[in-house]
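The values are calculated or read from the model by the stated rules, or taken from the named source; none is laboratory data. Model, not experiment: these values are computed from the prediction. Cβ placement follows ideal geometry from the backbone for every residue including glycine, while neighbour counts extend to all protein chains displayed. Just so you know, the surface numbers come from the protein's heavy atoms only, side chains and all, with ligands and any DNA or RNA stripped out. Shrake-Rupley method; radii C 1.70, N 1.55, O 1.52, S 1.80 Å.
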Amino acid sequence: MKPTTLKRSNAPIFWALFGAGGMLSALLGPMLVFITGIAVPLGVVLPPDTMSYPHMLAFAKNFIGKGFIFAIIALFLWHAAHRIFHSLHDIGIHAGTGAKLLCYGTAMVGTLIAAYALLAIGF
Amino acid sequence: MSENQKVIEIEVLRYHPEKDKEPHKQVFEVPFTDDMSVLQGVQYIKDYLDGSLSFRWSCRMAICGSCGMMINGEPSLSCQTFLRDYYPARVRVEALSHFPIERDLVINMEGFIEKLESIQPYIIPKEPRTLAQGEYLQTPEQLNAYEQFSSCINCLLCYAACPQFGLNSSFIGPAATALLHRYNVDSRDGGKAERMELINSEEGVFNCTAVGYCSEVCPKHVDPANAVNQNKTNAAADYFLRFLAPKGGAK
Ligand code: SF4
Ligand code: FES
């Protein structure tokens, strides 16, 4: 017997975003936490004005900086959305379409806001 | 029975569909020796305490795959799990999780048999071959590629361990995916494109959330989670690259 009604799953899109986000967060997450949460606020290792407004604005206006910020925000969000959605049943929530829309929708909205904001800042 | 005969309590989940509305537990006191498996414990119950107890077994040596049960909540082969490891506490045996119970510890495995058929678990030759061409030759590497995935004994412990199969029983699941992979990576086989349709489908590998418990409970070290993960990569590549290289079961 071979099922004749096989429908191709669209999961690879979400899985690829999840995978990319996972890779990026594993590689860069700890470093970002260190820089933004420890080194800069406590004034250790890095110069105190590392994350000053002019510096950050220049970073966000730079083409590569934009790409970096966008990738971090969007891919981290898609990674989190996928993980949270699939973890829901572990805490007893049997996730359906609503939960799916909420999780991936949040990631989508976050992605669009990040894209809009980065473009609005200008080059 | 000698005076210092040890006795262990075995709690069994009973269910006789013709008279029970739902499964219920029953406790038996079973005299045992240190070399007795849980299977031998339930065999003692059947032989001496309650002949109506139903369960499957055959080889008693972790080969046939028929004696799988939940033992204290863990999917296990009852023939290689020993009563001494639970004594003096009570040991609880139940039918494998996530499957309909046929009777007592016997599950209905029809759904799995259908899955097994659907993966075409046999070599589909790349081209017709005559006897005169002789046997296929394989290098040790070619054998290595699939050997581990060929040791599955269909015990279904991995299905009882898989929370995603528990949520959605149409998921092709760990053992069937491992066996599918075993044929796909066999150098003699040419059926990969057909089988990938199943891997890529909504019943396929993306139901897996990388829990990994299937590989932990597998008594044969098949590592089905590894087969599932490799095929997520295969399926994703097929999904995104199908327009570039139109093969691999893309529809
Ligand atoms: S993969 Fe392992 S646990 Fe699953 S059915 Fe085969 S032998 Fe049993
Ligand atoms: S009786 Fe054969 S595997 Fe346990």
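A few comments on the model shown:
- Averaged per residue, region A:54-123 has 62 square angstrom of accessible surface, using a 1.4 angstrom probe with ligands and nucleic acids left out.
- Rg over Rh [alpha-carbon atoms, Kirkwood Rh] for the protein assembly as shown: 1.09
- Once the Cβ-Cβ distance of A:Val33 and B:His221 is raised to the sixth power relative to R0 = 45 Å, the FRET efficiency obtained is 0.75.
- Quarter of Cα convex hull surface for region A:15-70, i.e. mean projection, nm²: 4.3 nm²
- Charge context of A:Leu119, other residues only, Cβ under 14 angstrom, K/R +1, D/E -1: +2
- Cleavage-rule hits, GluC sites (Glu not before Pro), region B:4-51, DSSP coil, Cβ neighbours within 10 Å at most 15: B:Glu18
- Only protein heavy atoms count here; under a 1.4 Å probe, B:Thr139 has an accessible surface of about 60 Å².
- Computed from the Cβ-Cβ distance with R0 of 51 Å, the FRET efficiency linking B:Ile124 to B:Lys46 stands at 0.75.
- The angle between the Cα long axis of helix A:97-121 and the longest principal axis of the Cα atoms of chain A comes to about 30 degrees, rounded to the nearest 10.
- By average C-beta atoms within 10 angstrom, highest first, the peptides B:144-156, B:49-61, B:92-104: B:92-104, B:144-156, B:49-61
- Tensor-based shape of region B:131-251 (alpha-carbon gyration tensor, a/c under 1.5 rounded, otherwise prolate or oblate): oblate
- Estimated inter-spin distance, A:Ala71 and A:Thr50, nm [label 7 Å along Cα→Cβ]: 2.0 nm
- Accessible area that becomes buried as B packs against A, both chains, 1.4 Å probe, Å², nearest 100: 1900 Å²
- Note on A:Lys100: lysines with a C-alpha under 25 Å away, same-chain residues under 8 apart excluded, are A:Lys7, B:Lys232.
- Heavy-atom accessible area per residue - region B:57-97, 1.4 Å, Å²: 47 Å²
- Potential lengthening between B:Thr33 and B:Arg242 on full extension [0.36 nm per residue; Cα-Cα distance subtracted]: 69.2 nm
- Average projection area in nm² (convex hull over Cα atoms of chain B, one quarter of hull surface): 17.4 nm²
- Spacing of the modelled spin labels on A:Lys100 and B:Glu117, each 7 Å from Cα toward Cβ, amounts to 2.9 nm.
- Protein-protein interface of region A:2-40, residues with accessible area decrease of at least 50 Å², isolated chain reference, 1.4 Å probe: A:Lys2, A:Leu6, A:Lys7, A:Arg8, A:Ser9, A:Pro12, A:Trp15
- Taking all protein chains together and a 1.4 Å probe, the residues A:Phe63, B:Phe112 rank A:Phe63, B:Phe112 from largest to smallest accessible area.
- For the residue pairs B:Lys115/B:Lys220; B:Lys25/B:Lys115; B:Lys192/B:Lys220, the C-alpha atoms sit more than 26 angstrom apart in B:Lys25/B:Lys115.
- Candidates B:Pro121, B:Pro75, B:Pro174, ranked by Gaussian network fluctuation over chain B, Cα under 10 Å, top entry: B:Pro121
- The Cβ shell under 11 Å around B:Tyr87 holds other residues with a net charge of 0, Lys and Arg each +1, Asp and Glu each -1.
- Annotation: amide H-H contacts under 5 Å for B:Lys6 (H modelled 1.01 Å from N, sequence separation of 5 or more, or interchain): B:Phe32.
- FRET E, pair A:Ala115, A:Ile84, Förster distance 25 Å, beta-carbon r, rounded to 0.05: 0.70
- If only the Cβ of Lys and Arg carry +1 and only the Cβ of Asp and Glu carry -1, the dipole of chain B around its Cα centre is close to 500 debye.
- 10 Å beta-carbon shell around B:Phe55, net charge (K/R +1, D/E -1): +2
- Among the protein heavy atoms of the protein assembly as shown, carbon and sulfur supply 61% of the accessible surface, probe 1.4 Å, non-protein parts ignored.
- Euclidean distance of C-alpha centroids, region A:96-123 and region B:136-177, integer Å: 38 Å
- Note on A:Phe123 and B:Lys25: the model spin-label points, each 7 Å out from Cα along the C-beta direction, lie 6.9 nm apart.
- Kirkwood radius and radius of gyration were both taken over the C-alpha atoms of region B:1-100, and their ratio Rg/Rh is 0.95.
- Label-zone membership for region B:91-126, site B:Ala193, 7 angstrom Cα→C-beta point, backbone N under 19 Å: B:119-126
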